[in-house]
Amino acid sequence: MDGGRPVIGDGTLDPSDWPRLRHQAHRMLDDILDYVENVRDLPVWQPMPQNVREQFRQELPEAPTDIAVVHDEFLRYIMPYATGNVHPGFMGWVHGGGSVAGMLGDMLAAGLNANLGGRDHAPIEVERQILHWVRELFGYPEGASGLFVTGTSMANFICILVARTAALGPEVRRDGVAATPTHLVAYTSAAAHGCVTQAMDLSGLGTKSLRIIPTNPNYQMDLGALREAIRADRAAGMVPFLVVGTAGSVDTGAIDDLDGIADIARDEKLWFHIDGAYGALAILSPTLAPRLHGIERSDSLAFDFHKWGQVQYDAGFVLVKDGNMHRRTFASPAAYLRRETRGLAAGSPWPCDFGPDLSRGFRALKAWFTLKVYGTEQIGAVIARTCELAQYLKKQIERSPALELMAPVQLNIVCFRHHGDDALNAHIVAELNEAGIAAPSMTTIKGRLVIRAAFVNHRTQTSDIDKLIAATLVYGALKEAS
Ligand SMILES: *Cc1c(COP(=O)(O)O)cnc(C)c1O
């Protein structure tokens, strides 16, 4: 911090002293690069002391503060207490680690401050470039539409709205679902993410209209049960309209039999949507891609670049095969959004015609940088390696008499427990988190609390797994002895 007068301008918000601001900016870049370079030496996560929390209970700042002072607060009170998903020891939930190329791309995007709701400019072409690549990856045709959204929760919601429009016609937008006598029902598996249920709620179709189909021992949707549920609903006068498959379930990494679901969707005339939040990008690994067979037969797909794609948060993506239906679900005429054939207001259709957001940031740039700088082969290799790490952890568990594997290791997720009750396992995870050694999360499998390690971060190595195992055994033994 070098004090002096604040680096703000005369009437505008630009610096009054550009050289000094430039110096400060370079320092900020160096500090954050230091953080990423040396993150392995830091705790994965650490609890925030009360005095740090207090820093965020201040009055609204009416007067200016020097940017160097604000940055110093960032270094002291924010950076050390972040989620930890940049760290190779982070194994909780399904969090991406991000990359330096993605970070720098995001910095440039912030400088351009582009609004990607619409209009005719290069940032929109970058997003269209990525749509083109995504179509190609998943075997979708030229007419397929797509765009960046916050995440898969939003992407699933958008796809359910498109499926609803396809079933009821665009009039539903004017009349509402309550006006139709058709009782639409949808299907997904017991292993589906909770945001599928939420999307039924938000769309007005209601969570009661979502049938939860049981899973087989590999946590895939039981297709016999799916056929039977559809039959029973038709017999009761309901109208089945949608089946949501999962490619990479959040609990165990299960991939549904996508081809099998596609056959049923074809026979029963259902919209086939896939939640591929993290698993869909396995398409980038030649060894894993065959597991996604049938993904090209879906009507829509939701996935995240911010998980296995290693792109910075947030970067969800929605892809719809019938681009026209997608547009008819969201496009609306508004005079202030008038389209032209030339000038800045050209380039229709605009991204705002395909979702509820009008103002949209330049998420595409960090994804574009990541894909170009590393190339899809390298990202695919990272994805495959996280699955190898899961197999490595599985072997260590099988070797440890105190540990028990709780679900088949199908992809990059390992569910296990230490011998003892649920409380002991919860204790171990809390200890691991608070010691900053590793950050697995927990889930419930067969009614029991289990430790769940998901490998997503490109930085994670076998040594990180050795630390997880060693500390788990120590905390388990200590607790048992106490
Ligand atoms: C992460 C995840 C989601 C939710 O995605 P967000 O990007 O967090 O909104 C949905 N489904 C599955 C299978 C997930 O792993």
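The values are calculated or read from the model by the stated rules, or taken from the named source; none is laboratory data. Not measured: the values here are computed from a predicted model. For neighbour counting, all protein chains shown are included, and Cβ atoms are generated from backbone atoms with ideal geometry for every residue, glycine included.
Filter segment 238-276 for residues that are touching a Phe, Trp or Tyr at 6+ places or on another chain (Cβ under 7 Å) and polar (S, T, N, Q); which is farthest from the ligand (Cβ to nearest atom)?
Checking each candidate, the answer is THR252.
Identify the single condition in (1) within 21 Å of the chain's Cα centre (by Cα); (2) in a helix (DSSP H, G or I); (3) away from the ligand (no atom under 16 Å from the Cβ) that SER359 does not satisfy, given that it satisfies every other one.
So the condition that SER359 fails would be (2).
Please state which of the following conditions GLU340 fails to meet, knowing it meets all the rest: (1) in a helix (DSSP H, G or I); (2) more than 17 Å from SER145 (Cα to Cα).
With (1) in a helix (DSSP H, G or I); (2) more than 17 Å from SER145 (Cα to Cα) applied to GLU340, the lone miss is (1).
For residues in segment 292-309 being more than 9 Å from the ligand (Cβ to nearest atom) and in a loop (DSSP other than H, G, I, E, B), which is nearest to LEU147 (Cα to Cα)?
This residue is PHE305.
Please go through segment 241-252 and give me each residue that is at pLDDT 95 or above and crowded, with 24+ Cβ neighbours inside 10 Å, ordered by number.
LEU242, VAL243, VAL244, GLY245, THR246, ALA247, GLY248, SER249
For segment 442-480, which residues satisfy the criterion of being of a type in the set (D, E, K, R), in a strand (DSSP E or B) and surrounded by fewer than 18 Cβ atoms within 10 Å (Cβ to Cβ)? First the steps, then the outcome.
We begin by selecting, within segment 442-480, every residue of a type in the set (D, E, K, R); these are 446, 448, 452, 459, 464, 466-467, 479-480.
Subset that is in a strand (DSSP E or B): 448, 452.
ARG448, the sole residue that qualifies.
Does ALA179 satisfy being of a type in the set (Gly, Ala, Ser) and modelled with pLDDT under 95?
Criteria met by ALA179.
Which residues, taken from segment 184-206, are polar (S, T, N, Q) and either part of a helix (DSSP H, G or I) or more than 13 Å from the ligand (Cβ to nearest atom) (or both)?
Across segment 184-206, the qualifying residues are THR197, GLN198, SER203.
Does segment 284-291 include one or more residues that are within 16 Å of the ligand (Cβ to nearest atom), more than 14 Å from the chain's Cα centre (by Cα) and of a type in the set (Lys, Arg)?
For segment 284-291, residues within 16 Å of the ligand (Cβ to nearest atom), more than 14 Å from the chain's Cα centre (by Cα) and of a type in the set (Lys, Arg): present.
Taking the condition of being loosely packed, with under 11 Cβ neighbours inside 10 Å and either hydroxyl-bearing (Ser, Thr, Tyr) or touching a helix residue (DSSP H, G or I) at 6+ places or on another chain (Cβ under 8 Å) (or both), how many residues in segment 48-64 meet it?
So the answer is 1.
Name the single residue that is surrounded by the most Cβ atoms within 10 Å (Cβ to Cβ) among those in segment 115-159 being polar (S, T, N, Q) and touching a helix residue (DSSP H, G or I) at 6+ places or on another chain (Cβ under 6 Å).
ASN156
If you take the residues in segment 145-183 that are away from the ligand (no atom under 16 Å from the Cβ), in contact with a strand residue (DSSP E or B) (Cβ under 9 Å, 6 or more places away or on another chain) and not in a helix (DSSP H, G or I), which one is nearest to LEU131 (Cα to Cα)?
SER145
Quick check on segment 207-243: of everything there that is in a helix (DSSP H, G or I) and of a type in the set (S, T, N, Q), which residue is nearest to ILE413 (Cα to Cα)?
Selected residue: THR207.
Collect the residues in segment 244-265 that are in a strand (DSSP E or B) and of a type in the set (Ser, Thr, Tyr), keeping them in residue-number order.
Residue satisfying the conditions is THR246 alone.
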